[in-house]
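The values are calculated or read from the model by the stated rules, or taken from the named source; none is laboratory data. Only a predicted model underlies this, so the values are computations on that prediction, with no experimental measurement involved. Here the Cβ is made from the backbone with ideal geometry for all residues, glycine too, and neighbour counts use every protein chain on show. Surface accessibility is based on the protein's heavy atoms, side chains included, excluding ligands, DNA and RNA. Shrake-Rupley method; radii C 1.70, N 1.55, O 1.52, S 1.80 Å.
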Amino acid sequence: MMPSPVRLPFIILCVCAAITTIASIAAGPRPLSVQDDAETMTFTLDPVHCMANFRVQHMGAGMFWGRFNAVTGTMDTRNEGRVPVAFDVSIEVDSIDTGTEKLDRTLMSPNFFDEKEFSDITFKSSSVKPIADREGFYTVGGDVTLLGVTKPIEAIVELTGVNGNPVMKKAGYEAIFTIKRSDFGMKWGVDNGALGDDVRLVVGLEGDWSA
Amino acid sequence: MLKMILLSFVLPVFTGAGVLAFGWLCPPLRKVRWIASCAFGVALACAFALAYFGEMGYMVPAVPPTRSEGWLIVLGLFCLPLSIFLACTEDKDHPWVETTGLVLGLLIALLPALFAGDKSVFDGSAKPLFPDMGALEHGALALEIGLGFILLVRLSTIRSGPTIPCALAFAFLGGAALSMASGWISLTILFGVLSAVSATGGLFARFSGMPMIGRGGASVAAILLILLSTACWYKTTAPDDLQWWYWVLVAGSPFLLVPLENRLFAKMPDAGAFWVRMVVVALPVVYVIVKALPMITGDGGSDATDEMDEMMRMYQ
């Protein structure tokens with residue numbers, strides 16, 4: 001039986017769709033790319049729910065933790081916050097909080113963060129690449145500026161969650177990376193072993209977007 | 001920890017004491033006028049430089065410095081030849097002392113500002129010692145250093161023996177307390193080293209025929225005391241209860257000896273006059289230490305602690 005003139009275009013369309021599907025499957029899985037979604041959404045970091053924690057070895061023994069409470073900046077994303085495109089983060093040095101005010105003052109002194117001269121630590125991303133086989137994980141490259149010295153770093157960033165509605169959205173990421181503080185000129189205690197050189201940072205980011 | 005104490009404190013203090021022993025205690029050397037005159041200044045400058053390098057892990061500092069506090073070591077090293085040069089000018093009096101004081105003040109206050117900054121030959125790569133200070137404040141600093149130099153040099157020509165070194169030991173000790181309250185570890189150690197070397201100078205002066213600290217010693221002491229106190233005040237991140245005039249009290253305490261050089265004290269027995277002078281100098285320093293003590297021990301200066309206490313009271 002011959003196909004009716006009405007059915008013919010439909011069959012041609014189905015064949016084309018099947019060919020396209022087979023071709024895309026044959027090409028292998030496509031990595032989640034920053035180009036995937038059309039619109040870039042810029043999330044403004046919520047200072048109340050953002051925090052930069054740091055960890056450093058004290059006297060060659062225990063790991064000592066501190067944090068910066070004032071983290072501001074923006075996150076550019078696609079797929080409604082699910083795919084990061086760029087990070088621009090700034091940390092106020094005088095928001096340092098170790099739980100001991102005396103130690104906070106020491107860390108803000110010229111021996112360490114020199115808050116009077118360098119009031120901010122900044123990070124600007126330059127590349128975001130998804131990590132294969134780990135959904136929601138990205139390798140983010142960029143420049144950290146600390147004590148007036150800018151150095152490239154690479155951070156592992158995890159999408160921790162996205163929530164909201166078409167009018168307001170929240171997106172959360174967590175970045176983990178390690179720096180050598182002596183690379184930035186913060187050398188006190190490195191040679192005599194009083195304080196470790198490697199500093200691990202765990203930065204929790206939560207951004208807000210509204211239409 | 002032990003290595004840190006040895007390199008940053010013990011070695012510089014012993015070096016300073018060694019220089020003083022050569023200049024003031026060694027019989028053939030102490031008769032050479034310029035050596036005795038610069039021994040105290042060279043001891044302070046050497047101890048300061050060694051302590052600084054010990055603190056920084058013996059790394060060569062950038063010149064001009066890329067961090068503002070890097071100027072401290074540059075100016076500290078500058079004090080070394082300055083001390084020897086000025087010791088050779090002991091016979092020159094008015095107006096040499098006044099002119100030198102003011103020129104030195106201008107040089108030390110303005111040199112870091114001229115070399116650094118966006119419009120300098122270094123295109124902004126170098127940092128001034130006090131980045132946010134204006135021309136007026138730099139001028140005031142120059143005047144402070146100049147006046148401090150003139151007063152201490154004048155005082156050093158009339159007062160010999162342990163009085164001035166001991167007064168300086170108190171002043172540097174006060175500086176160490178304020179630095180510790182501010183949280184600046186390196187400066188605490190530097191002030192501590194200078195205090196220990198000054199105290200050693202006082203001790204040696206007692207047993208070496210009552211030498212004068214000389215023009216070389218007075219100049220270095222005045223420059224380091226005023227410069228380090230200003231740097232500590234400028235860089236402090238301590239709360240407002242650490243008042244600006246605490247640094248004035250500490251840095252100004254040795255200059256309280258100037259009005260005590262009068263006829264009344266001249267008539268007093270030497271031992272009695274010495275102790276009265278020490279009490280007068282120590283009083284403001286002790287006051288400052290007592291005030292800074294809560295911030296040194298970590299018991300005070302925190303608004304957060306007060307708020308927490310208020311919250312705890314609500315629960316009780």
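Side notes on the structure shown:
- Residues that are aliphatic (A, V, I, L, M) and in contact with an Asp or Glu (Cβ under 9 Å, 6 or more places away or on another chain), drawn from region B:229-260: B:Ala231, B:Ala251
Each row is one residue, and each column tells you yes or no for (1) in a helix (DSSP H, G or I); (2) of a type in the set (D, E, K, R); (3) buried (at least 23 other Cβ atoms within 10 Å of the Cβ); (4) more than 14 Å from every other protein chain (Cβ to nearest Cβ).
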position: B:Ile73; (1), (2), (3), (4): yes, no, no, no
position: B:Leu86; (1), (2), (3), (4): yes, no, yes, yes
position: B:Asp91; (1), (2), (3), (4): no, yes, no, yes
position: B:His94; (1), (2), (3), (4): no, no, no, yes
position: B:Val103; (1), (2), (3), (4): yes, no, no, yes
position: B:Leu106; (1), (2), (3), (4): yes, no, no, yes
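- Residue among B:Ala222, B:Ala251 that alone is under 30 Å from A:Leu103 (Cβ atoms) and surrounded by 24 or more Cβ atoms within 10 Å (Cβ to Cβ): B:Ala251
- Matching residues in region B:52-66 - criterion: being more than 10 Å from every other protein chain (Cβ to nearest Cβ) and either touching a Gly at 6+ places or on another chain (Cβ under 8 Å) or farther than 19 Å from B:Ile5 by Cβ (or both): B:Tyr52, B:Val60, B:Pro61, B:Val63, B:Pro64, B:Pro65
- Residue in region B:200-212 that is in contact (Cβ under 8 Å) with a residue 60 or more places away in the chain and basic (Lys, Arg) present: no
- Some residue of region A:153-161 being of a type outside the set (Gly, Ala, Ser) and under 25 Å from B:Thr66 (Cβ atoms): yes
- The single condition among (1) buried (at least 20 other Cβ atoms within 10 Å of the Cβ); (2) away from chain A (no Cβ under 14 Å); (3) hydroxyl-bearing (Ser, Thr, Tyr) that B:Thr157 does not satisfy is (1).
- Residues of region A:136-151 that are part of a strand (DSSP E or B) and not charged (D, E, K, R): A:Phe137, A:Tyr138, A:Thr139, A:Val140, A:Gly141, A:Gly142, A:Val144, A:Thr145, A:Leu146, A:Val149, A:Thr150.
- Here region A:121-139 is the region considered, the condition is being among the hydrophobic types (A, V, I, L, M, F, W, C) and farther than 30 Å from B:Asp132 by Cβ, and the residue that is farthest from the other protein chains (Cβ to nearest Cβ) is A:Ala132.
- Sub-6 Å Cβ pairs linking a first residue in region A:124-135 that is in a strand (DSSP E or B) to a second residue that is open to solvent by less than 100 Å² (accessible area, probe 1.4 Å) and acidic (Asp, Glu), at least 6 apart or interchain, are A:Lys124/A:Asp88; A:Lys124/A:Asp143, ordered by first then second residue.
- Of the helices (runs of 4 or more DSSP H) lying entirely inside region B:1-65, those containing at least 3 residues that are in contact with a helix residue (DSSP H, G or I) (Cβ under 9 Å, 6 or more places away or on another chain) are B:11-20, B:33-55.
- Residues being among the hydrophobic types (A, V, I, L, M, F, W, C) and touching a residue at least 40 places away in the same chain (Cβ under 8 Å) - total across region A:102-122: 4
- For B:Ala251, the conditions (1) farther than 24 Å from B:Leu104 by Cβ; (2) away from chain A (no Cβ under 14 Å); (3) among the hydrophobic types (A, V, I, L, M, F, W, C) all hold with the exception of (1).
- The residue list B:Ile213, B:Ile164, B:Ile189 contains one member that is touching a Ser or Thr at 6+ places or on another chain (Cβ under 7 Å) and surrounded by fewer than 24 Cβ atoms within 10 Å (Cβ to Cβ), which is B:Ile189.
- The strands (runs of 3 or more DSSP E) located wholly in region A:52-101 that include 1 or more residues which are within 14 Å of another protein chain (Cβ to nearest Cβ) and touching a residue at least 40 places away in the same chain (Cβ under 8 Å) occupy A:63-68.
- Number of positions in region A:153-184 that are assigned to a strand (DSSP E or B) and either under 18 Å from A:Arg134 (Cα atoms) or of a type in the set (Asp, Glu) (or both): 15
- Filter result for A:Phe118 (in contact with a Gly (Cβ under 7 Å, 6 or more places away or on another chain), within 24 Å of B:Lys127 (Cα to Cα) and within 14 Å of chain B (Cβ to nearest Cβ)): yes
- Residue count for region A:126-160 under the criterion of being open to solvent by less than 30 Å² (accessible area, probe 1.4 Å) and within 13 Å of the chain's Cα centre (by Cα): the result is 10.
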